[in-house]
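Structure first, then comments.
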Amino acid sequence: MTIRNTITFASIPTDKGLKAALEKEPKSVINDVIESGLRGCGGAGFPTGIKWKFAAKAEGAQKTVICNADEGEPGTFKDRVILAEWPDLVFEGMTIAAYAIGASSGIVYLRAEYAYMRKMLEECLEKRRQAGMLGAKIAGKEDFSFDIHIHMGSGAYVCGEESALIESLEGKRGEPRNRPPFPVEIGYENAPTIVNNVESLAWVSAIFANGSKWFKGAGTKESPGYKLMSISGDVKLPGVYEFPFGTTLSTILEAAGGEDAKAVAVGGASGTLVPPNNFACKICFEDVPTGGSIIVFGKNRNLLDVAENFQEFFADESCGQCTICRLGNVKLLEGIRLMKQGQCTDQHLEDLCSLGASMQIASKCGLGQTSPNVFLSVVKHFRDEIPRHPVAENDDQKTEKAKSSNLFQSVVQLFRTDADTAKNNSGTNKKGVSA
Amino acid sequence: MFTHSPKQQRSASSPDTFEVLDEASASLRDEIDELIEIHGENRNALIPVLQEIRSRHAFVNSFAMQYVADRLGVSAAEVYGVISFYSFLKESNYGKFAISLCRTISCDMADKARIAKCLQEKLGVKFGETTPDGMFSLNWTNCIGMCDQGPALLVNEQVFTHVTPKKIKEILDGCRKTYQENEKGVS
Ligand SMILES: Cc1cc2nc3c(=O)[nH]c(=O)nc-3n(C[C@H](O)[C@H](O)[C@H](O)COP(=O)(O)O)c2cc1C
Ligand code: SF4
Ligand code: FES
């Protein structure tokens, strides 16, 4: 059993939201979404209605609606459950979006790991075409035609980033683009495009079925409504839960049976580690935000193991465009391994932290910007976990230290060279071949 | 046999080496022509075409890379660049059944190490390798969205959760059985 409490989507009748939306003018559809306060559920939390408004305003013939079903953040599986249980709500949400911005084509970017759902989703699409809810003249509306097709991913976490996703759809390596321009202006095939998360689109259908006031009535001022959470790790009842925004982490842990946790990763590998003295925090954009991943670590877990696992993930998944992200993640990983052996000096630890801080500001996309987060949280909140070198060093240790700070210097050096080259080449779109 | 010429004019980068094709390449070429017919003769078709070749033939060889490049009007290096980017296209060990075990944190905490050890023992190969009979390849993968039910793994497109050593035996037996049945079906 993956679904653990009452999920609103289970009570929303198919096509109720879509039919209600199609009775309104596109402009007022967008206003309703803005009114509801819905914020993107893919992680960044950008207000969905505002995104749609930009796309509606943008000039361009072939606008596209993309459903981001690349769900790759470690510890996230709520989109899988939504697609498996309520695919109609997701397709309806895409159709409402298309109507609102004037798009005629839709694409679901489905991660390769979810290929086993493809057949079921295709069948659902076909049923919707048969029922007149997809294709030409949807629900009898003369001037509204829209269809959806499914495009398979090929195993790359970074393709969940919206501009990398678009590159991938265009048959290229999934390397994030410079932004601006944002996809709402220049997206898929250079036309205005909206990319929305699976869950965001399902909430759109629910909002039109139940009214935007209903949604706005729940949650907090800056994070209205409800959110699905994927809970895994050291809990008695792992699975998908729904909570209103603003629910405290301790309430969530209680529901899942993980109260005695030593730490909780909120937001997956790119989120932060919350220590027990902050379990009273609220899950919402104004306190601790998340795309829905909650991973719980019990008393006996070694948090350096956790940081190592996440850093391996990022070293593997970095697209390689930015030196600071490509090499920084490798250096952090090496540093964590040194720490586990008790080989890390205070100086080296400090260097690693400042490398992490540089990665947060100098990386081009969210992957690099967030990749040092968990490591930095361990250093900040769980410094006791890091076995350290004695302060007095013998000669061997000095060499070791010199070696490791040289490693750091080499990253800094490479980064500088890279930045210089980038400056000299600014404007040209350079693409390397191997990551 | 050798009269076929690609619909698109050959680019300067590809000399007329296709006139003398072995049978396997000739049939691959026809297959690619068909796939391009379905997915369209443009750059957007590149990944779907590669995915299809990969799933039918287990890997995309250099002939296929060059031919797809010519048909879609891009360089072979770009095709290779795309293949090397995506983990589901680039893996270099291919079995009829590709086993990918999740190594990410939740599965890690659910003792994926025990499952990894068991798989290596049962198959007699390490991660990144293929069994000598070409039946099974073994690889790591990152989170596959089954974190509440770890340890989790994929066999081709199929997902298995709460994997135990006992379940591994069933999974491997199941694969062998499927293979034998398919063989019978063919002959
Ligand atoms: C490295 C990286 C991976 C991402 N992966 C996903 C993903 O798997 N699914 C998703 O919906 N958004 C993902 N995002 C966020 C998207 O870029 C984008 O913000 C989101 O799809 C917008 O939809 P929303 O506004 O409905 O949340 C990712 C971002 C980054 C930087
Ligand atoms: S930050 Fe990392 S993943 Fe993002 S564009 Fe740069 S190298 Fe690629
Ligand atoms: S951590 Fe293994 S499936 Fe997510």
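Observations on the model:
- Within segment A:19-32, the only residue that satisfies the criterion of being under 16 Å from A:VAL204 (Cβ atoms), acidic (Asp, Glu) and open to solvent by 90 Å² or more (accessible area, probe 1.4 Å) is A:GLU23.
- Filtering A:GLY233, A:GLY257 for residues that are free of Cβ contacts under 8 Å to residues at least 24 places away in the same chain, on the phi > 0 side of the Ramachandran plot and not basic (Lys, Arg) leaves a single hit, A:GLY257.
- Flag for B:PHE59 being outside any loop (DSSP other than H, G, I, E, B) and more than 16 Å from ligand 3 (Cβ to nearest atom): no
- Being of a type outside the set (Val, Ile, Thr), buried (at least 23 other Cβ atoms within 10 Å of the Cβ), more than 30 Å from A:VAL296 (Cβ to Cβ) and in contact (Cβ under 8 Å) with a residue 24 or more places away in the chain is a condition met by at least one residue of segment A:11-18.
- Qualifying residue in segment A:116-139 (condition: within 14 Å of another protein chain (Cβ to nearest Cβ) and in contact (Cβ under 8 Å) with a residue 60 or more places away in the chain): no
- Boolean, A:CYS281 is over 19 Å from the mean Cα position of the chain (by Cα) and either more than 12 Å from ligand 2 (Cβ to nearest atom) or under 29 Å from B:ALA110 (Cβ atoms) (or both): yes
- Segment A:107-120, residues that are more than 16 Å from ligand 1 (Cβ to nearest atom) and open to solvent by less than 70 Å² (accessible area, probe 1.4 Å): A:MET120
- Condition check for A:LEU327: at pLDDT 95 or above, away from ligand 3 (no atom under 16 Å from the Cβ) and within 14 Å of another protein chain (Cβ to nearest Cβ): no
- Residues (of a type outside the set (Asp, Glu) and either surrounded by fewer than 18 Cβ atoms within 10 Å (Cβ to Cβ) or more than 10 Å from B:LEU46 (Cβ to Cβ) (or both)) located in segment B:56-70: B:ARG56, B:HIS57, B:ALA58, B:PHE59, B:VAL60, B:ASN61, B:SER62, B:PHE63, B:ALA64, B:MET65, B:GLN66, B:TYR67
- Single residue of segment B:136-171 satisfying the filter (more than 21 Å from B:SER55 (Cβ to Cβ) and more than 14 Å from every other protein chain (Cβ to nearest Cβ)) that is most open to solvent (accessible area, probe 1.4 Å): B:LYS166
- For the residues B:GLY174, B:GLY124, the requirement of being surrounded by 13 or more Cβ atoms within 10 Å (Cβ to Cβ), away from ligand 2 (no atom under 16 Å from the Cβ) and over 18 Å from A:ARG80 (Cα atoms) singles out B:GLY174.
- Among all residues of segment B:137-157, there is at least one that is at pLDDT below 95, more than 16 Å from ligand 2 (Cβ to nearest atom) and at positive phi.
- Selected residue (criterion: nearest to B:PHE97 (Cα to Cα)) from residues of segment B:147-159 that are in contact with a strand residue (DSSP E or B) (Cβ under 6 Å, 6 or more places away or on another chain) and within 11 Å of ligand 3 (Cβ to nearest atom): B:LEU154
The values are calculated or read from the model by the stated rules, or taken from the named source; none is laboratory data. Fair warning: this is a prediction, and the values are worked out from it, not measured in the lab. Quick reminder, even Gly has a Cβ in these numbers, built from the backbone with ideal geometry, and neighbours come from all protein chains shown. What goes into the accessible areas is simple: the full protein's heavy atoms, side chains included, and nothing from ligands, DNA or RNA. Shrake-Rupley method; radii C 1.70, N 1.55, O 1.52, S 1.80 Å.
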